[in-house]
Amino acid sequence: MRGIAISALMCFVVVFAAAQPKSGRKTAFDSIQHVGEVVITQNLTYREVIPSHTMKGKELERLNAHNIADALRYFAGLQLKDYGGVGGIKTVNIRSMGSNHVGIFYDGIQLGNAQNGQVDLGQFSMDNVDEITLYNGQKSAIFQPASEFGNAGSVYIKTRRPKFTEGRDWNLKVKTKYASSDHFRLSTLWEQRLSRMVSSSVNAEFISSSGKYDFRYRRLNQDGTVAYDTTATRHNGDVWAMRAEANVYGLIDDGGWNLKAYTYHSERGIPGAIVNNVWRRGERQADHNTFLQAYLNKSVGQRFSTRLLAKYAYYNTHYVNRDTTTLRVDNTYRQQEFFVSSSNVYEILPCWSASLAYDLKWNKLDADMRAFVSPHRVGHYASVATAYNHPWFNIQGSLMAQFIGDTRHERTATVHTSQRALTPAVFVNAYPLRSKLLSLRAFAKKSYRMPTFNDLYYTDLGNASLQPESALQYNVGFVVEKDWTDGLLRHVRWQTDAYYNTVHDKIVAYPKGQQFRWTMLNLGKVHIKGIDVEGELAIAPMKGLQLSGRVQYTYQDARDVTDPSTSYYRDQIPYIPWHSGSAILGISYHDWDLNYSFLYAGERYNQQENIVYNYMQPWYTSDLSLSRQFQIGRNRLKVLVEVNNLFSQDYDVILNYPMPKRNYGVTVEWGI
C-alpha cells in the first residue's frame, strides 16, 4: 500500500509538470491572478454563512505563540488540553464536542490520527503560519473534499506562501529564541522563485529544552485541611525536536498546484501526573512523523472547477514507561494513512452553484505488542452540496454519506465490521440592511464519527462495545462589522452566537495514569448549551500610532443526561468550565510593538461527579511582550522580549499536571 501511495503522489507531480505552460508564454490566469484573488477574498468575507473566527498576519505575531496550540487558546468556544511544558501533549476541543469531532487541516488537507484521534498541535510551529481559521459546523464553501462536510468543527491552518518584491527572486528569514527552562529554538525560512510560474519554500526548525520549571503543589483534604503544600521543580519534560517542510507552488492556465513534504522528529520525556505528593517521571516518547501531500486546482470554462488532492502519511511512535510503580511498557506503534479526493463545483446560474465530491481514506495501525490485532480501516465519503447567493441572503446545504469498514486479525479469525451514516447540514445567512454592516445567521447540522483504533482494539484499555458518536448542532447568531479608511476609528467587529448541541454515545478520553494511554468511556448522551461572544476594535489616535484589541467570552453548559439513576446525572462533564475568555491588546508606534494577552478559565470539575473533591478553581494568565524592528538596508532585524504568566499564577489545565510559573524569553529575527 505504501508503494501505491507513493506512486500516486508521483503521478501528481508528473501531471503538474505536464500542465505547466511553456516558458515565456503568458497565460490568461497569470494576467488576472492578482485581481481574481482580491475579488474572491472580498466575496468570501461578505458572503460568509458559517460562524468563524480568524487570526492572521500581525495579530498572530502579537501572540508570540510557540506552536499552533498556543494560538488556538484565544478562539471562542474552544478548550485546549495542555499537559504542561514545551513537550507536553496539546489537543483541542470545540464547544465540548470532543477532539475527534474537530478536523485539523494543514494547507487544505486534514491531519489524521486513526490511532487515538488526538492531533498533537504542539508538533506544528507558528513560524511559517500565515492564517488560522476556526469554523463551527463546516467551512463556508461547498468546493471542498467530501469528508470535510462531516466535522462538527474545523481548524484551517494556512502556511505562508512565497511573496517577492520587485527585483528579488529569493527571501531568507532566520529566527532564534532563548527562554526559560533552557528553551532554545532556531528556525529558518528560504523562499525561491524558480520561474515566472513556479516558486518554492523550505522551512526548518530545531527545538531543545530541559523542560524544568518551578511550580507549587497544593492539595486539600475533603474537610478543607491542607494535605500537601510545597514548591518543587518539574522534571522529565525535556524535549528535542526537528521539523522540516518543503513546498513547491505552481500556476497553470486557470489553476494552480502545490506539492508539500513534511517531517517531524522528536524525543521527549512525558511529565507525569503528580498524585499524593508522588512525582512520576518514567515515561519517554519518540515520534518520527512524515507526510507527503499535493493538490491540483483547475477551472474549465467559466462555470466548472475541479480539485484533486492526495496524501500519504507514516507515523512511528516509540513509547517507553520505566516507572516501577506502574506497568512497564516498551512499544512501537506504526501508523499509515493514504487519502485521495476529487471535488467538483458547477455554477448553474450566477447566483446558484452545486458541488459533488468523493474521498477515499485508508488507515492501518501496527504495533510490536503481543497478540496485537493490527486493525486497518477503509473509508468512502461522498457529498453533494449547493449554495444560493442573493444580495439579501445566502443559503448552503450539504449531504455527506460515509461508509466505514474495519478489519482486525484476532487469534482465531479475521473480523470485519462496517458502519454507514448520512450527515445533512443547512446554513442560512441574511443581510437585513442589504450591506455588510449587519448579518444574521443560523444553521443545523448532524455529524458522526467512528471510535478510534485505541477506543476499540487496545487490549488494556480498548472497549470493543463502544458505539459511534453522533451529534446534532443548532446555532443562531449575528455579526456587526464596519471599517473606515481614515479618522480615529478604523475597525469594529462584534459577533455573537448561541448554540445547542446534543451528543449521543459520547466517548470521553481520560489519562489512565500514563499520559500516552487513555481510558475510554461512552457517556451516553450529553446536552451542550453555550454562547460565544467576540469583539474587535482598532483605532489610530495619531500618525504612526495604532491601538487594537480583541476580546472573546464563552459560556458553556455541558451536562451528562444519560441515566437519571447515576450520581452525576445532569452534572457538568469533566474539564469544561462554565465561563472562559481571553483578551489581546496591542499598541504599535512606528517600529515599536507592545502587546498584552490574557486568558481565563472558570471553575470546572475533573471527574464526572460535580462534588467538592473534584472541584478545580478558576485560573488566569497574563503575557506581555515588547518588540522593536530595525531596517538595515534591505534587511530587517526584529528583537522581542516577553514575560509569560506575568503574575506567576499557580494553575493546572489538567489535574495534577502543573503549568509553568512566570517565565521569560528573548527572540531575534533576521530577514533578508
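The values are calculated or read from the model by the stated rules, or taken from the named source; none is laboratory data. Keep in mind that this is a model prediction, so the values were computed, not measured. Note: ideal-geometry Cβ built from the backbone for every residue, glycine included; neighbour counts use all protein chains shown. Areas reflect the complete protein model, heavy atoms only, side chains present, ligands, DNA and RNA absent. Shrake-Rupley method; radii C 1.70, N 1.55, O 1.52, S 1.80 Å.
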_Can you tell me which residue is nearest to Ala146 (Cα to Cα) among those in region 404-440 that are modelled with pLDDT of 85 or more and not in a strand (DSSP E or B)?_
Tyr431
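So that you can scan it fast, the table gives a plain yes or no per residue for (1) within 28 Å of Pro162 (Cβ to Cβ); (2) touching a Cys at 6+ places or on another chain (Cβ under 9 Å); (3) surrounded by 19 or more Cβ atoms within 10 Å (Cβ to Cβ):
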position: Thr621; (1), (2), (3): no, no, yes
position: Ser627; (1), (2), (3): yes, no, yes
position: Gly633; (1), (2), (3): yes, no, no
position: Arg636; (1), (2), (3): yes, no, no
position: Val641; (1), (2), (3): no, no, no
position: Tyr657; (1), (2), (3): no, no, yes
position: Arg662; (1), (2), (3): no, no, no
_Among the residues of region 351-373, what is the count of those that are open to solvent by 20 Å² or more (accessible area, probe 1.4 Å), touching a Lys or Arg at 6+ places or on another chain (Cβ under 7 Å) and not hydrophobic (A, V, I, L, M, F, W, C)?_
1
*Please work out if Asp455 is among the charged types (D, E, K, R) and assigned to a strand (DSSP E or B).*
no
*Can you tell me which residue among Phe206, Phe291, Phe215 is assigned to a strand (DSSP E or B), modelled with pLDDT under 90, hydrophobic (A, V, I, L, M, F, W, C) and in contact with a strand residue (DSSP E or B) (Cβ under 8 Å, 6 or more places away or on another chain)?*
Phe215
_Filter pass, Thr412 being open to solvent by 70 Å² or more (accessible area, probe 1.4 Å) and among the β-branched types (Val, Ile, Thr)_ = yes
*Do we have Ser580 as touching a strand residue (DSSP E or B) at 6+ places or on another chain (Cβ under 9 Å), open to solvent by less than 20 Å² (accessible area, probe 1.4 Å) and in contact (Cβ under 8 Å) with a residue 60 or more places away in the chain here?*
no
*Identify, by number, the condition in (1) hydroxyl-bearing (Ser, Thr, Tyr); (2) in contact with a Gly (Cβ under 8 Å, 6 or more places away or on another chain); (3) over 26 Å from Lys446 (Cα atoms) that Thr386 doesn't meet.*
(3)
*Selected residue (criterion: nearest to the chain's Cα centre (by Cα)) from residues of region 563-576 that are crowded, with 18+ Cβ neighbours inside 10 Å and free of Cβ contacts under 8 Å to residues at least 60 places away in the same chain*: Gln572
*Given (1) open to solvent by 50 Å² or more (accessible area, probe 1.4 Å); (2) assigned to a strand (DSSP E or B), number of the condition Pro391 does not satisfy*: (2)
*What strands (runs of 3 or more DSSP E) completely inside region 560-672 contain at least 1 residues that are touching a His at 6+ places or on another chain (Cβ under 8 Å)?*
592-601, 663-671
*Which of the residues that make up region 584-598 are open to solvent by less than 20 Å² (accessible area, probe 1.4 Å) and under 24 Å from Ile531 (Cβ atoms)?*
Ile584, Ser597
_Suppose we filter Tyr249, Tyr262, Tyr319 for residues that are closer than 30 Å to Val653 by Cβ, at pLDDT 95 or above, part of a strand (DSSP E or B) and of a type outside the set (Val, Ile, Thr); which single one remains?_
Tyr262
*Residue ID - least open to solvent (accessible area, probe 1.4 Å), chosen from residues in region 69-86 that are aliphatic (A, V, I, L, M), modelled with pLDDT under 80 and under 12 Å from the mean Cα position of the chain (by Cα)*: Ala69
*asked:* Being closer than 30 Å to Ser266 by Cα, at pLDDT 95 or above and in a strand (DSSP E or B) is true for just one of Leu309, Leu365, Leu356. Which residue is that?
replied: Leu309
*Determine the pairs where a residue that is farther than 10 Å from His491 by Cβ, located within region 545-556, has a partner that is open to solvent by less than 20 Å² (accessible area, probe 1.4 Å) and not in a strand (DSSP E or B) with Cβ atoms under 6 Å apart, the partner being 6 or more residues away or on another chain.*
Gln552/Ala76; Thr554/Ala76; Thr554/Gly77; Gln556/Ser96; Gln556/Ile576
*Within the group Gln617, Gln607, which residue is open to solvent by 40 Å² or more (accessible area, probe 1.4 Å), more than 19 Å from Arg550 (Cβ to Cβ) and touching a Pro at 6+ places or on another chain (Cβ under 7 Å)?*
Gln607
*Can you work out which of the residues in region 189-213 that are without any contact (Cβ under 8 Å) to a residue 40 or more places away in the chain and more than 29 Å from Tyr83 (Cβ to Cβ) is most open to solvent (accessible area, probe 1.4 Å)?*
Trp190
*For region 214-238, how many residues meet the condition of being of a type in the set (D, E, K, R), farther than 17 Å from Leu655 by Cα and open to solvent by less than 70 Å² (accessible area, probe 1.4 Å)?*
1
*Within the set of pairs 6 or more residues apart or between chains, which connect a residue that is basic (Lys, Arg) and open to solvent by 40 Å² or more (accessible area, probe 1.4 Å) inside region 311-331 to a residue that is modelled with pLDDT of 80 or more and in a strand (DSSP E or B) with Cβ atoms less than 7 Å apart?*
Arg328/Asn321
